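Notes follow once the structure below has been shown.
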Amino acid sequence: MSQDILAIAEYGNGVFRKASYEVLSEGRRLADILGVKLLAAVLGNDIQSAALRLAEYGADRIIAAEHPLLKDYLPETYTQILAEIIQKETPALVLTSATTQGKDVAACLSARLYAPLATDCLAIRFEGGKPVATRPMYGGKVLADVRLDAAPGILTLRPNAFAIKKAAGAGAVELYPVALEPPQTSCIEMQMDTSGKVELTEADVVVSGGRGMGGKDFSVVEALASVLGGAVGASRSAVDEGWRPVSDQVGQTGKVVSPSLYIACGISGAIQHFAGMQTSKVIVAINKDLEAPVFSRADYGIVGDLFEVVPLITEEIRHLKGDS
Amino acid sequence: MNIIVLLKQVPSTETMIQIAGDGRSVKTDDVSWIISPYDEFAVEEALRIKEKQGGTVTIVSAGGAKAAEAIRTALAMGADKGILVNDPAAMACDGLGIARILSTVIRGIPFDLVIAGQRAVDDENFLVGAAVAEFLKIPFTSLVIRQEITDGKITCHRTIEGGTAVVTSPLPALFTTQRGLNEPRYASLPGVMKAKKKPLDTKTLADLGLDSAAVVKPLMQVTSMRFPEKRKAGKIIDAATPRAKAAELVRILHEEAKVI
């Protein structure tokens with residue numbers, strides 16, 4: 001049995017997810033600690049040439065599985081191929097990103113291989129040769145250290161929680177021979193948002209609106225997010241009011257984000273909302289009410305009318321970007 | 001249509017979590033308990049399917065005696081019967097062990113569809129639904145916001161980054177819920193009265209023919225718990241005008257915090 005580390009990368013629409021580079025970089029770091037190889041695996045259709053890009057993040061070997069049936073993610077096909085690769089390569093650790101697809105396939109692999117799973121990890125270390133991961137529980141109210149007592153340990157890494165570091169790696173891509181039966185499940189349609197929106201969980205800046213938005217008009221929040229190249233989020237109350245889609249919700253029952261900068265506009269700051277954004281590097285709150293709980297945990301606050309203040313911030317940033 | 005809903009009782013999302021004396025679990029006294037919110041969507045969706053197509057809704061849960069309360073709530077919402085695996089050995093399981101137990105229960109019941117929450121809001125490990133589907137060898141679809149059943153097939157709309165994927169699979173199948181799927185109903189008073197008379201079976205691992213030592217051995221263990229570093233109240237930016245406040249914030253974010 002090898003002691004290598006396998007990093008599963010996610011490819012779609014001509015690009016790897018940023019989160020996949022984070023997974024590879026962390027995989028490289030862990031492989032160096034153990035003195036083992038870092039393997040990268042990627043599944044898709046017509047991906048061989050793109051797969052070579054993974055070498056820039058320190059993959060010693062790159063395994064690409066190509067097949068028309070692997071074009072879109074389906075648990076059945078992806079689990080089968082990845083389980084085969086894992087059984088063949090016998091890595092000690094399998095890493096992937098805590099994205100929709102990553103969490104999904106990691107859970108399926110955990111069951112298929114009867115291997116321990118820790119999802120949404122924030123940090124990984126070894127203790128007595130065993131992997132120990134730090135991960136949030138209870139909606140981020142608690143951080144738990146979990147030890148994986150059997151190999152392979154399967155870990156998904158929270159996007160934006162691990163640094164991307166370039167490193168020299170393999171020179172060639174190994175094609176994995178794919179043999180698939182037609183799956184029971186089929187993907188009949190992908191309805192993608194083509195507006196070029198930045199994905200909330202991977203955005204470096206998130207600007208969110210809450211009850212204080214007072215209605216569906218999020219244009220001031222959208223303008224600020226746009227000038228910062230960020231994504232728009234929403235509190236649960238804004239989603240419950242029907243002002244924003246569920247996919248925008250940040251919080252314990254929504255998405256968890258960890259951007260460099262989180263700007264909360266008109267959000268009172270319920271504990272469940274913090275659960276979704278407390279690992280942001282810098283939190284800014286803009287709220288009319290000085291007593292709003294959001295100010296008790298924000299790094300910077302402005303007390304004022306968001307409809308007045310937010311456009312002024314947007315203007316100042318435009319100014320700054322224009323000058324620099 | 002025989003529908004099974006997997007349900008977990010968890011501390012309320014409003015509740016204050018306290019770490020227990022062992023440093024690796026949370027205190028469970030003084031905690032208010034609820035059906036994990038995503039499981040509540042699962043109960044609601046099962047009831048809606050039953051109302052349309054007929055059939056039965058069976059709630060399956062593993063947990064302590066207290067978890068019977070959560071099952072009764074689901075019965076009061078309209079589910080037909082409940083099965084609780086209450087065994088001290090089951091309490092030491094990890095998610096894989098729980099999935100093994102739940103899938104063993106399900107194998108003993110005729111079913112067409114299993115619905116589960118995408119995750120429980122305590123462990124947050126996104127594992128049990130997928131693992132139960134895997135152990136039952138049935139198609140699995142997660143994060144569903146809309147579903148339709150026709151001619152022995154289920155078509156699900158699932159949320160993915162930046163959009164929605166529409167997938168279809170034959171029944172029996174398992175899907176997990178996403179917020180937006182439905183708005184769960186409240187249990188009515190007559191519903192609560194009726195629920196008291198609905199069947200709720202309690203089983204042990206031995207009843208299921210499971211060897212507790214083999215099932216229970218966890219592969220993953222929480223070794224310690226702590227609270228995240230509490231963010232301190234920061235600086236309220238004080239300036240004479242909204243424009244001056246905005247300018248000062250941008251200066252700080254650029255020059256001091258260096259995030260823009």
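Just a few scattered comments:
- Residue satisfying all of: in region A:202-245; touching a His at 6+ places or on another chain (Cβ under 9 Å) and buried (at least 24 other Cβ atoms within 10 Å of the Cβ); nearest to the other protein chains (Cβ to nearest Cβ) among these: A:Ser235
- Just one of the numbered conditions (1) open to solvent by less than 60 Å² (accessible area, probe 1.4 Å); (2) assigned by TED's automatic domain parsing to the domain that holds B:Gly78; (3) hydroxyl-bearing (Ser, Thr, Tyr) is not true of B:Ser224: (2).
- Unique residue being at pLDDT 95 or above and open to solvent by 30 Å² or more (accessible area, probe 1.4 Å) when the list is A:Glu84, A:Glu26, A:Glu22: A:Glu84
- Some residue of region B:96-118 being open to solvent by less than 10 Å² (accessible area, probe 1.4 Å), modelled with pLDDT under 95 and either among the β-branched types (Val, Ile, Thr) or closer than 13 Å to B:Lys8 by Cβ (or both): no
- Residue list for region B:203-260, restricted to those being part of a loop (DSSP other than H, G, I, E, B) and touching a Phe, Trp or Tyr at 6+ places or on another chain (Cβ under 9 Å): B:Leu219, B:Arg231, B:Ala233, B:Gly234, B:Ile237, B:Ala257
- Residues that are touching a residue at least 24 places away in the same chain (Cβ under 8 Å), open to solvent by 20 Å² or more (accessible area, probe 1.4 Å), facing chain B (nearest Cβ under 9 Å) and over 21 Å from B:Ser36 (Cβ atoms), drawn from region A:115-160: A:Asp149, A:Ala150
- Failed item in (1) in contact with an Asp or Glu (Cβ under 7 Å, 6 or more places away or on another chain); (2) more than 24 Å from B:Val216 (Cβ to Cβ); (3) surrounded by 21 or more Cβ atoms within 10 Å (Cβ to Cβ), with B:Thr56 passing the rest: (3)
- Of the strands (runs of 3 or more DSSP E) lying entirely inside region A:163-248, those containing at least 1 residues that are within 23 Å of A:Asp120 (Cβ to Cβ) span A:205-209, A:231-234.
- Just one of the listed residues (A:Val42, A:Val94, A:Val105) is more than 13 Å from every other protein chain (Cβ to nearest Cβ), under 25 Å from B:Val167 (Cα atoms) and within 18 Å of the chain's Cα centre (by Cα), and it is A:Val42.
- Given (1) in a helix (DSSP H, G or I); (2) within 14 Å of chain A (Cβ to nearest Cβ); (3) open to solvent by 10 Å² or more (accessible area, probe 1.4 Å), number of the condition B:Val132 does not satisfy: (3)
- Residues of region B:64-95 satisfying the condition of being open to solvent by less than 10 Å² (accessible area, probe 1.4 Å) and modelled with pLDDT under 95: B:Ala90
The values are calculated or read from the model by the stated rules, or taken from the named source; none is laboratory data. Note that the structure is a prediction, hence the values are computed from the model and not measured. Glycine also receives a Cβ, built like all others from the backbone with ideal geometry; neighbour counts cover every protein chain displayed. Heavy atoms of the whole protein, side chains included, go into the accessibility calculation; ligands, DNA and RNA do not. Shrake-Rupley method; radii C 1.70, N 1.55, O 1.52, S 1.80 Å.
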